[in-house]
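Working notes, beginning with the structure itself.
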Amino acid sequence: MTKIAPSILSADFAKLGADIAEVEQAGADYIHVDVMDGHFVPNITIGPLVVEAIRPVTSLPLDVHLMITNPDQYIDAFADAGADIISVHVEACPHLHRTVAAIKERGVKAGVVVNPATPAEALYPILPDVDLILFMTVNPGFGGQTFIHRVLDKIRKVNQWRKDLALDILFEVDGGINPITAKLCVDAGVDVLVAGSAIFNQQDRKKAIDEIKQSVSK
Ligand code: DX5
Ligand code: ZN
């Protein structure tokens, strides 16, 4: 079954605990946490303190997406704060196997993220070592952007490699996900859908989650 990971980037930060509890009740499978440093991406968001603060609020896995330069420096801090998955960008990691190994050494699941313009081939050497691949379907930095359709070709290509190599890896997408784009991604091989504005900007978050789930079950 396809999993839903609401991105708290679009939540109300003044009542973050309540917003997380609401989406957990509404059927979310993960909580997606967007960490931005103002260097790797233009925006600045949250750090390990916020991850630590929300850890006791939910029993869902915390899916931490690091959009930062030099992520190696912060793996311990996010692991200590309670991250269950830590994903790092290929574009920010000159020594990717070393970084992935450092995440796993902390007993945390390791994810690798690719921006829309980064080719599938950048993932091939790391595939057997990761728990999750996160395909960005927008350029990271902000919520509410438009889905880039061409990324679907890349997902299909990596999905073929996943099959050929019989690897047990989750595929996740992030950016511009709504009931229509969700279906396209799942058809291409995606297991986990991150959605920010399509869930938190809606009055009825349960209805928003249900609509995405229904669209991909057809
Ligand atoms: C974008 C972030 C996303 C963002 C998605 O840089 O990584 O997780 O919250 O927002 P939507 O779903 O609104 O495109
Ligand atoms: Zn994200």
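Could you tell me which residue of the stretch 20-48 is nearest to residue 75 (Cα to Cα), considering only residues that are among the acidic types (Asp, Glu) and more than 16 Å from ligand 2 (Cβ to nearest atom)? Across the stretch 20-48, the extreme among qualifying residues is 24. Against the numbered list (1) within 12 Å of ligand 2 (Cβ to nearest atom); (2) without any contact (Cβ under 8 Å) to a residue 40 or more places away in the chain; (3) on the phi < 0 side of the Ramachandran plot; (4) part of a loop (DSSP other than H, G, I, E, B), residue 173 comes up short only at (4). Just checking, does the stretch 49-68 include any residue being free of Cβ contacts under 8 Å to residues at least 12 places away in the same chain and within 16 Å of ligand 2 (Cβ to nearest atom)? Looking for residues that are free of Cβ contacts under 8 Å to residues at least 12 places away in the same chain and within 16 Å of ligand 2 (Cβ to nearest atom), one finds none in the stretch 49-68, hence no.
Select from the stretch 1-38 the residues that are charged (D, E, K, R) and part of a strand (DSSP E or B) and list them in ascending order. Before the answer, list the steps.
Initial filter on the stretch 1-38 (charged (D, E, K, R)): 3, 12, 15, 19, 22, 24, 29, 34, 37.
If the condition is that a residue be charged (D, E, K, R) and part of a strand (DSSP E or B), then 3, 34, 37 are the ones that fit.
On the basis of being at pLDDT 95 or above, more than 18 Å from residue 202 (Cα to Cα), part of a loop (DSSP other than H, G, I, E, B) and within 10 Å of ligand 1 (Cβ to nearest atom), does residue 41 make the cut? In short, yes.
Test residue 162 against the stated conditions and say whether it is away from ligand 2 (no atom under 14 Å from the Cβ), basic (Lys, Arg) and touching a helix residue (DSSP H, G or I) at 6+ places or on another chain (Cβ under 9 Å). Considered against the rule, which asks whether it is away from ligand 2 (no atom under 14 Å from the Cβ), basic (Lys, Arg) and touching a helix residue (DSSP H, G or I) at 6+ places or on another chain (Cβ under 9 Å), residue 162 comes out as yes.
The values are calculated or read from the model by the stated rules, or taken from the named source; none is laboratory data. Quick caveat, the model's predicted, so the values are computed rather than measured. Here Cβ is always computed from backbone atoms with ideal geometry, including for glycine, and neighbour counts include all displayed protein chains.
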